[in-house]
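Before any comments, here is the structure.
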Amino acid sequence: MATRNVAMREAIRRALREEMQRDEAVFVMGEEVAHWQGTHRVTRGFLEEFGERRVRDTPISEMAIGGLAVGAAMAGLRPVAEFMTINFAFLALDAIANHAAKVRYFFDGMFKVPLVYRAASGWGNQATASHSHAPEPIFAHFPGIYVGCPANALDAYGMLKAAIRDDNPVLFTESIALYPKPSPMPDDLGEDYLLPIGKGDIKREGGDVTLVAYARGVDWALQAARLLARDGVEAEVVDLRWLRPLDMALVYQSFKKTNRCVIVEESLPMYSFGSEIAALLQEHMFDYMDAPIKRVAAEDVPLPYSKEIELLALPNAQKVAAAVKEIV
Amino acid sequence: MAEPTKDMLLEWYRQMVLIREFEETCHQLYEEKRITGVYLHLYSGHEASGVGSMAALRKSDHVITAYRDHGIALILGMDANAVMAEMMGKETGSSGGKGGSMHLASRQHNFWGGYAIVGGHLPLAAGIALEARYRGKDDVTMTYVGDGATNNGYFHEALNMSAIWDLPVIWIIENNGYGMGTEVARASGQTELHRKAEAYGIRSFGRVDAQNALEVYAVACQAVDYARRHGPAVIEHITYRYRGHGVSDKQYDARADMSAELKEWRASREPITILRDSIESRHGAEAVAEILARHEADARRIVAESVAFAEASALPNSYQALMRNTYVASDLVHKTAQSVGAGIE
């Protein structure tokens with residue numbers, strides 16, 4: 001089968017387009033998704049192909065976007081609602097956490113909420129503090145919704161297709177830094193290439209230390225693994241892909257082999273992805289633990305504008321490798 | 001103007017006395033701690049608002065409201081037993097004891113529920129209406145919203161989107177004078193609340209005396225017809241709450257002006273009395289006396305039976321009951337014993 005390098009944004013676009021072709025109940029809505037062709041070009045060409053009924057520009061109304069998707073999904077449509085960036089999804093937190101995630105529960109199963117919120121996420125490129133968040137753990141805090149965060153094109157494709165077809169609400173975040181990044185993807189996957197929701201993936205095998213990451217953190221972990229290999233340290237990279245459900249079985253399996261772990265994330269360090277994974281590891285894998293669990297996250301500070309101090313705040317491969325060196 | 005038939009008026013009377021009996025019984029049960037929980041917002045005083053407006057709907061139309069939802073549920077025909085059991089958190093409750101007073105719903109009645117975050121249900125209403133537009137159906141979504149909610153962002157964003165997308169929603173602002181404890185004039189720069197919707201290009205049907213079910217019905221028919229053919233409409237119902245914001249509201253005991261105001265509304269603008277007077281003047285007091293008395297007796301019986309049913313029902317008490325319906329069980333979800341957050345069907 002022919003394989004070529006595809007940018008993650010193109011893989012996401014392909015998944016979304018195929019699911020819209022497959023199911024007439026699927027529609028997209030969001031700021032600038034139609035006439036502008038999508039701020040991140042994910043919905044480029046959709047208006048021409050599917051028309052205004054199914055490709056709906058919204059006003060700048062995140063609370064309404066978040067809640068309208070819930071009502072439409074309850075009534076039988078399958079909305080894919082885009083938040084231009086996840087920073088704006090904070091305005092919709094009530095719709096997401098109190099309505100999308102809870103409607104099924106507080107009516108004890110009377111309704112399904114088959115929606116997908118897509119949101120571009122991450123920091124960098126001097127976007128400044130209020131536009132520089134990777135807050136996936138905040139949304140993953142709430143039971144009732146799934147949170148998916150792909151690290152490459154093929155994963156994004158298979159994860160998004162599963163998210164759209166599943167009957168549960170899903171927040172699907174797309175790392176802005178990874179949008180243009182090419183990665184290998186077969187030309188012909190059939191229309192049913194679905195990656196299971198909540199299934200992680202070993203992105204690199206190694207016996208000396210487990211690096212647990214998601215989305216852009218996977219990139220830094222893989223780069224760090226290459227640096228460490230030069231010094232004879234073999235890191236295993238576990239990409240969890242989903243923050244909820246969380247594939248801890250995969251992390252435990254790797255940890256039982258390496259007995260050491262560094263957790264890598266783009267987000268802030270307090271009450272974080274790293275905190276959660278570390279807590280679960282000490283609770284369930286105490287007997288296998290040969291060293292303290294280390295965490296590499298952003299510095300605990302709002303992100304500044306100026307380039308050099310911005311980079312100081314971010315994680316990178318060197319910081320990951322240095323953390324590994326402290327425990328191997 | 002739509003003229004209600006004698007049967008319709010009698011049916012409204014049946015609904016209104018049932019709601020009043022149900023709500024006053026809930027109040028009593030709360031005082032006796034037989035209904036527990038923090039929140040209980042009663043529809044006493046509001047009856048004509050819901051009864052008159054929902055009479056303008058057909059079966060395939062949709063209804064959604066906020067947390068003052070018991071009356072709406074009963075008008076739609078939800079079983080009083082299941083509603084009372086939900087008040088008591090019983091497993092026979094309409095939401096299995098998961099939702100309580102503020103979260104009644106019934107899929108079979110196109111009742112999309114009561115919601116507890118002020119304004120939170122307004123975009124949901126727009127989404128439900130979008131489904132009808134999307135699929136080319138002419139069903140409308142009747143949406144009840146309190147005066148207080150007209151001040152938060154949900155109201156403005158949802159109404160604006162309903163206007164630009166021509167969504168078939170009837171926004172009914174139930175203006176009972178207070179958002180929790182704050183008078184409308186202290187909370188809203190525009191005190192004619194329907195004008196806020198007009199600002200977004202929504203067709204307003206103005207203010208209605210919502211203690212009079214016939215007036216409510218007449219305007220609702222026009223608004224429903226408009227929404228079905230064109231797009232969103234707004235009506236402002238002027239009404240009053242007899243049992244305060246919720247059962248924890250002690251203002252009426254503490255403030256002489258408010259207790260006098262309540263007394264005045266009860267004395268001169270009682271919705272059940274107004275409807276009864278209309279029925280008697282149109283159809284003769286003697287001719288309807290028996291059936292009205294029967295509706296009153298039925299209301300007492302139905303509510304008493306609902307209390308007995310609810311009290312005899314079991315509380316959900318298993319771990320399975322706690323966890324179920326967090327998610328839809330799905331083959332698309334990875335199954336491992338140690339997955340966190342996968343939930344239980």
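A few comments on the model shown:
- Extreme residue, most open to solvent (accessible area, probe 1.4 Å), among residues of segment B:53-70 that are part of a helix (DSSP H, G or I) and over 19 Å from residue B:305 (Cβ atoms): B:54
- Residue count for segment A:157-202, restricted to those that are among the β-branched types (Val, Ile, Thr), within 14 Å of chain B (Cβ to nearest Cβ) and touching a His at 6+ places or on another chain (Cβ under 8 Å): 1
- For residue A:227, the requirement of being out of contact with any strand residue (DSSP E or B) (no Cβ under 8 Å at 6 or more places or on another chain), in contact (Cβ under 8 Å) with a residue 40 or more places away in the chain and closer than 28 Å to residue A:316 by Cβ is met.
- When residues in segment A:305-328 are screened for being assigned to a helix (DSSP H, G or I) and open to solvent by less than 30 Å² (accessible area, probe 1.4 Å), 7 of them pass.
- Qualifying positions in segment B:92-102 - in contact (Cβ under 8 Å) with a residue 24 or more places away in the chain and within 12 Å of residue A:104 (Cβ to Cβ): B:96, B:98
- Just one residue in the set A:47, A:16 is more than 13 Å from every other protein chain (Cβ to nearest Cβ), in a helix (DSSP H, G or I) and open to solvent by less than 20 Å² (accessible area, probe 1.4 Å); that residue is A:16.
- Residues located in segment A:151-169, provided they are of a type in the set (Lys, Arg) and more than 13 Å from residue A:191 (Cα to Cα): none
- Inside segment B:110-149, residues that are free of Cβ contacts under 8 Å to residues at least 40 places away in the same chain, under 18 Å from residue B:57 (Cβ atoms) and more than 7 Å from chain A (Cβ to nearest Cβ) make up a count of 1.
- Failed criterion for residue B:50 (all others in (1) within 22 Å of residue B:248 (Cα to Cα); (2) more than 9 Å from chain A (Cβ to nearest Cβ); (3) in contact (Cβ under 8 Å) with a residue 60 or more places away in the chain; (4) surrounded by 23 or more Cβ atoms within 10 Å (Cβ to Cβ) hold): (1)
- Taking helices (runs of 4 or more DSSP H) as the structural unit, those lying wholly within segment B:101-189 and holding at least 2 residues that are open to solvent by 20 Å² or more (accessible area, probe 1.4 Å) correspond to B:153-164, B:184-187.
- Top-ranked residue of segment B:309-345 - restricted to ones that are at positive phi and at pLDDT below 90, ranked as farthest from the other protein chains (Cβ to nearest Cβ): B:343
- In segment A:55-90, the residues that are assigned to a loop (DSSP other than H, G, I, E, B) and facing chain B (nearest Cβ under 8 Å): A:58, A:59, A:61, A:75, A:76, A:77
- Meets criteria (open to solvent by 30 Å² or more (accessible area, probe 1.4 Å) and under 23 Å from residue A:123 (Cβ atoms)) for residue A:302: yes
- Among (1) farther than 19 Å from residue B:225 by Cα; (2) within 22 Å of the chain's Cα centre (by Cα); (3) more than 14 Å from every other protein chain (Cβ to nearest Cβ) - the single one residue B:194 does not satisfy: (1)
- When residue A:275 is tested against (1) touching a residue at least 24 places away in the same chain (Cβ under 8 Å); (2) within 14 Å of chain B (Cβ to nearest Cβ); (3) open to solvent by less than 50 Å² (accessible area, probe 1.4 Å), just one condition goes unmet, and that condition is (1).
- Single condition residue B:83 does not satisfy, out of (1) touching a helix residue (DSSP H, G or I) at 6+ places or on another chain (Cβ under 9 Å); (2) in a loop (DSSP other than H, G, I, E, B): (2)
Conditions tested, residue by residue: (1) open to solvent by less than 40 Å² (accessible area, probe 1.4 Å); (2) free of Cβ contacts under 8 Å to residues at least 24 places away in the same chain; (3) not assigned by TED's automatic domain parsing to the domain that holds residue A:153.
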site	(1), (2), (3)
A:168	yes, no, no
A:172	yes, no, no
A:205	no, no, yes
A:208	no, no, yes
A:215	yes, no, yes
A:219	yes, no, yes
A:233	yes, no, yes
A:240	yes, no, yes
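- Going through (1) open to solvent by 20 Å² or more (accessible area, probe 1.4 Å); (2) within 20 Å of the chain's Cα centre (by Cα) one by one, residue A:82 falls short only on (1).
- Qualifying residue in segment B:229-236 (condition: in contact with a helix residue (DSSP H, G or I) (Cβ under 6 Å, 6 or more places away or on another chain), part of a helix (DSSP H, G or I) and either polar (S, T, N, Q) or crowded, with 18+ Cβ neighbours inside 10 Å (or both)): no
- Long-range neighbours under 6 Å by Cβ, at least six apart or interchain, first residue facing chain B (nearest Cβ under 7 Å) and surrounded by fewer than 24 Cβ atoms within 10 Å (Cβ to Cβ) within segment A:100-111, second in a helix (DSSP H, G or I) and among the aromatic types (Phe, Trp, Tyr): none
- Near pairs, Cβ below 9 angstrom, 6+ apart or cross-chain, from segment A:285-311 (closer than 19 Å to residue A:263 by Cβ) to any residue that is assigned to a helix (DSSP H, G or I) and aromatic (Phe, Trp, Tyr): A:285/A:252; A:285/A:255; A:288/A:252; A:288/A:255; A:289/A:255; A:295/A:273; A:296/A:220; A:297/A:273
The values are calculated or read from the model by the stated rules, or taken from the named source; none is laboratory data. Because the structure is predicted, anything quoted here is derived from the model rather than measured. Heads up, the Cβs are rebuilt from the backbone with ideal geometry, glycines too, and the neighbour counts pull from every protein chain shown. Keep in mind that these areas ignore ligands, DNA and RNA; they rest on the heavy atoms of the full protein, side chains included. Shrake-Rupley method; radii C 1.70, N 1.55, O 1.52, S 1.80 Å.
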